[in-house]
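What follows is a set of notes on a single structure, which appears directly below.
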Amino acid sequence: MADATGFDLKGSAPERYEHYVAPLMAPFVTALVDAADLYPGATVLDLACGTGFVARAAAAQAGPTGRVAGVDLNEGMLKIATACHPRLYPDIEFTPAPADDLPYADATFDAVLCQQGAQFFPDLDAALRETARVTRPGGRFAATVWSHLDDSPYFVAHQRAVEQYGPPEKAADFRAAFATTADRLPTALTRAGFHDTTSHTLTFAIELPPLEDYIPGHLSAIPWGQALTEAGGEQALTRAADTIRAHLPEGTTTFPFTATLVTAVR
Ligand SMILES: C[S@@+](CC[C@H](N)C(=O)[O-])C[C@H]1O[C@@H](n2cnc3c(N)ncnc32)[C@H](O)[C@@H]1O
């Protein structure tokens, strides 16, 4: 079992994550849930659920007769997930656990969804073996991970700022989050016992809120921004936010974001 993660948010950052990351994730949440072909009564796991964007969308599809669970290492994220659960859906059970040691019986879920989590698993093979174990035969797996950094100019601007102001190990973590997971997932899924894997590139043009407030807020809600503040205080975060804005085209808040959507059948 591995408790390590490249995405460790502390203190009040999970609350800001829910607020600032929501606009970036919204169209990808819809695409991911659509890819799993959920239906009323489905049992669904949101793996590395964070504050629960996908779990909430899945619960809307599974309906009152369904069962939705969310699992994540970070209890701060789960606290926000629990607070944001609107209680119109089936109850969502949020449980702290690492992806490679899931607290569920074999073949529990009709579908396992994972949005932007797989790139942070310290042992991808072990996590996918556990995922295969808890997915019923014939059940669906769907995950998104960011594609190569160059496909998302907003993140290229972030990288420049993290490399300029952040500790080198955090800059390396940032690059790793956009590295090879998308390419590794299909074969890793096959090794874990899934079949019929597919891989698609998804690009959405996303309109962000006014950047002057959005960028520092977003930075403060992700581990790399947190590291900047720890190393150089609020001033470092402000300087990094200014650098990000300087690297983005002027006169627009709409940027393309590209992720790879990988699906498989158990
Ligand atoms: C970028 S966030 C994505 C959260 C959520 N899926 C979403 O769509 O916003 C990555 C999440 O993966 C979780 N995570 C990272 N490594 C993990 C592991 N080994 N086991 C479980 N969760 C993990 C982090 O705690 C974090 O909540």
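Computed values, structure above
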quantity: Sequence of M25, M77 once ranked by neighbouring C-beta atoms within 10 Å, starting from the fewest; calculated: M25, M77
quantity: If the convex hull is drawn through the Cα atoms of segment 179-266, its volume per residue in Å³; calculated: 131
quantity: Segments 62-69, 250-257, 174-181 sorted - mean Cβ within 10 Å per residue, highest first; calculated: 62-69, 174-181, 250-257
quantity: Convex hull volume per residue for segment 190-235, taking Cα atoms only, in Å³; calculated: 134
quantity: Segment 49-141: Cα Rg divided by the 2.2 N^0.38 Å rule of thumb; calculated: 1.02
quantity: Rg(Cα)/(2.2 N^0.38 Å) for segment 13-265, N = residue count; calculated: 1.00
quantity: Spatial separation of Cα centroids for segment 109-172 and segment 68-92, in angstrom; calculated: 20
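Laboratory data are not the source of any read-out in this text; all were calculated from the coordinates shown. It should be emphasised that the depicted structure is a prediction, and the values quoted were computed from it without experimental measurement. Note that we place each Cβ from the backbone using ideal geometry, even for glycine, and neighbour counts take in every protein chain shown.
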